[in-house]
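K.L.:
Sending over a structure as structure tokens; questions will come in a sec.
Laboratory data are not the source of any read-out in this text; all were calculated from the coordinates shown. All figures in this text were calculated on a predicted structure; none of them were measured in a lab. Here the Cβ is made from the backbone with ideal geometry for all residues, glycine too, and neighbour counts use every protein chain on show.
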Amino acid sequence: MGLQWGDEGKGKASAYISRGAGLTVRFNGGANAGHTVSVGDKSFSLHMIPAGAVSSRAAALGPGVYLDLEALFRDLEQLEQSLGRIELVVSPRAHLVLDLHKELDKSLELLRSGERIGTTLRGIGPAAMHKYARLGLRLCDILEEDAASLSAARLWRSLWVGLLSRVEEAWLNRLRELAEGVKGFVGDVGGRIERELSSGGKVVFEGAQGTMLDIDHGTYPYVTSSHTVAASASTGSGIGIKAISRVIGVAKSYTTRVGAGPFPTELHSPIADELRRRGGEYGATTGRPRRIGWLDAVQLRYACRLNSVDEIFLTRVDTLSGLPAVKVCLRYDGVGEGFPETVSSLRRVMPIYREMPGWPPIGDELRERLRREGYGALPREARRFVELVEEELGVPVRYIGIGPGVEDVVEK
Ligand code: GDP
Ligand code: IMO
Ligand code: MG
């Protein structure tokens, strides 16, 4: 699960954890997600299929996913071209994201004018509107040939497409064509998970977005239209909460946010530009520059609680290397219990920082040594940073990211 505002490195973390797993599952969000993972000299940027599939070679998309069929096929082609066959199971209950949703997303953003959320324009908000107003169109609705299901599709068209005077005669045919392509992959995701677990296999649930983008617990209204906390792995895939035995929270060694909204530790200094440049901090879905700030322990403590995090996967300790000093926000001045609820209160908080010495650059040579020798070979100052994160969050850091590759991980 992402513990910040997304792009923490969930894809790479999931690919690492999915080694030896029988299945990797996506259960929330849609093609607004962009998960990048490098395997050897190949890099994959995935939007619908969980990145962990590069390791497990088996992916499931649960009913909690907003299904963008075109993005799904692009991902599948990208993966299969390099890696060969990937097993894929798609829940027939998943709601479809249509072109109309993307157009609505754009129109709503224009209407918001100065108050834009800065969405990815992937149609997520409007698809969620329809889903929760019980006017959504699910994959099973277009797959079933009987009159009742078809009439659901027609009702949908007359209500929404008709209402907005955007009647496109070809839309149903196009959808059918896409559905025909996905037919062979449709299956019971909960059942597939159950089978994997009962045969002693491991299943990895790969979250999309980050905790602070959760519709209920995040920085509303600057959030996405999904739950992004660990509990959604259960509801979004169709298994009970007791099937989940371990929660791994993914956090970057600093914070990034793409899109608008409050960001207490945001930096407006050359350090932000430097981190953006060397870390290639541009959105994987939209290419927008990511906003950058120091690590925020107040925000992360809140995220650990919301997710019942057992252990942390701390990414990009290499990207943060080579700075004379780094800072970590330990508390917000004048803020009592709990995490501030409103945008205006969050904009007013004064972060109190601990400054600590930076560590020598982690380049190819040191990375190689770290892969061989492990945690002990990490520069002393970097180990101190990791230990501060553990002390502040009260959760062990078990995995440390030292590069973009699946194998660029040190275990503590
Ligand atoms: P996600 O959405 O959480 O999967 O994250 P993104 O893929 O959008 O962004 C994370 C970026 O950081 C990707 O380009 C990853 O390849 C990269 N990355 C992940 N972990 C590390 C790390 O430990 N070091 C470095 N240098 N890059 C990393
Ligand atoms: P991954 O899975 C970072 C942000 C958007 C915007 C807000 C709402 O790669 O971490 P939406 O299109 O969902 O309606 O946009 O949420 N957002 C993300 N930011 N990473 C993501 O996914 C995101 N998915 C949505 O930038 O601020
Ligand atoms: Mg991303």
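K.L.:
How large is the convex hull of the C-alpha atoms of region 363-411 per residue, in Å³?
P.N.:
Spread over its residues, the Cα hull of region 363-411 gives 74 Å³ apiece.
K.L.:
Debye calculation, C-alpha points only, no solvent: report log10 I(q)/I(0) for region 248-412 at q = 0.15, 0.16, 0.20 Å⁻¹, in the same order as the q values.
P.N.:
Evaluating at q = 0.15, 0.16, 0.20 Å⁻¹ gives log10 I(q)/I(0) of -0.85, -0.97, -1.48.
K.L.:
Can you check how the C-alpha radius of gyration of the chain compares to 2.2 N^0.38 Å, as a plain ratio?
P.N.:
Computed over Cα atoms of the chain, the ratio equals 0.99.
K.L.:
Do any trypsin sites (Lys or Arg not before Pro) in region 1-109 lie in a DSSP loop with no more than 14 other beta carbon atoms within 10 Å, and if so, which?
P.N.:
Qualifying residues, ordered by number: R19, R85.
K.L.:
Sorting check: for 254-260, 365-371, which peptide has the highest mean count of neighbouring beta carbons within 10 Å, and how do the rest follow?
P.N.:
Top of the packing list down: 254-260, 365-371.
K.L.:
Calculate, in nm to one decimal, what L330 and E387 gain on full extension: separation in residues at 0.36 nm each, minus their alpha carbon distance.
P.N.:
19.2 nm
K.L.:
Moving to a separate point now. Compute the distance in nm between two label points, each set 7 Å from the Cα along the Cα-to-Cβ direction, one at S43 and one at L197.
P.N.:
3.6 nm
K.L.:
Which ³J(HN,Hα) values, rounded to whole Hz and listed in residue order, are derived for region 249-262 from phi using the Karplus coefficients 6.51, -1.76 and 1.60 in 6.51 cos²θ - 1.76 cosθ + 1.60 with θ = phi - 60°, glycine and proline given as x?
P.N.:
Values, residue by residue: x, 9, 10, 7, 6, 9, 10, 10, 8, 10, x, 7, x, x Hz.
K.L.:
Sort 300-312, 271-283, 44-56 by the packing proxy (mean of other Cβ within 10 Å over each peptide's residues), most packed first.
P.N.:
44-56, 300-312, 271-283
K.L.:
Which value in nm describes the separation of the simple spin-label points at E365 and D273, placed 7 Å from the Cα toward the beta carbon?
P.N.:
Label-label distance for E365 and D273, simple model: 3.0 nm.
K.L.:
Right, here's the next one. For region 240-292, divide the Cα radius of gyration by the Kirkwood radius and give the resulting Rg/Rh value with two decimals.
P.N.:
1.14
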